[in-house]
Amino acid sequence: MWSTSDFLNAVARRAGVPVDLAATITHATLETLADRISAGEAEDLADQLPGGLDEHLRKPPIREQAEPFGLGDFVQRVAARAGIDDALAGVGVRAVLTTLREAVPGDEFEDMVAQVSKEFREVFEPVASPAGRQAPR
């Protein structure tokens with residue numbers, strides 16, 4: 001399993017931002033993702049994340065169903081939560097979701113992807129090989 005610092009360092013590197021800003025963007029992205037997917041799927045993803053990150057997916061379930069909104073709204077919500085502009089939020093969302101794809105098992109990630117619109121697939125950078133899913137050393 002990845003450590004919190006491994007995850008945040010990967011996001012910072014991908015987004016080209018300092019680690020403290022990567023942490024803010026990561027938290028905002030995970031909280032927004034928790035709004036977008038079902039409470040059960042958010043819990044399943046949270047179980048795969050290191051402590052400190054998992055809590056951003058674990059919110060008291062107000063509803064079991066996902067709140068439907070597209071990628072543009074997703075980015076705007078992340079921007080508002082993180083206090084950054086939409087352009088940086090877009091880069092950050094890509095970095096967080098790509099890192100999430102590497103950090104969680106493929107089946108869990110695909111279960112999450114099945115709950116969001118197809119336009120979200122456009123923001124996941126390809127992972128070079130299955131070895132890319134393993135935590136950095």
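The values are calculated or read from the model by the stated rules, or taken from the named source; none is laboratory data. Owing to the predicted nature of the structure, the values given are computational and were not obtained by experimental measurement. Cβ: placed from backbone, ideal geometry, glycine included. Neighbour counts: every protein chain shown. The area values use the complete protein model at the heavy-atom level, side chains included, leaving out ligands, DNA and RNA. Shrake-Rupley method; radii C 1.70, N 1.55, O 1.52, S 1.80 Å.
Annotations for the structure displayed:
- Of all the criteria given as (1) touching a residue at least 12 places away in the same chain (Cβ under 8 Å); (2) closer than 16 Å to Ala103 by Cα, the one not satisfied by Asp54 is (1).
- Residue that is nearest to the chain's Cα centre (by Cα), among those in segment 60-83 that are modelled with pLDDT under 90 and aliphatic (A, V, I, L, M): Ala66
- Of the helices (runs of 4 or more DSSP H) lying entirely inside segment 12-120, the ones with 1 or more residues being farther than 20 Å from Met1 by Cα and open to solvent by less than 10 Å² (accessible area, probe 1.4 Å) are found at 19-36, 71-82, 86-103, 106-113.
- Segment 81-108, residues that are in contact (Cβ under 8 Å) with a residue 12 or more places away in the chain and hydrophobic (A, V, I, L, M, F, W, C): Ala82, Ile84, Leu88, Ala89, Val91, Val93, Ala95, Val96, Leu97, Leu100, Ala103, Val104
- Close Cβ contacts (under 7 Å, 6 or more residues apart or on different chains) running from residues in segment 1-22 that are without any contact (Cβ under 8 Å) to a residue 60 or more places away in the chain to residues that are in a helix (DSSP H, G or I) and open to solvent by 70 Å² or more (accessible area, probe 1.4 Å) comprise Val19/Asn9.
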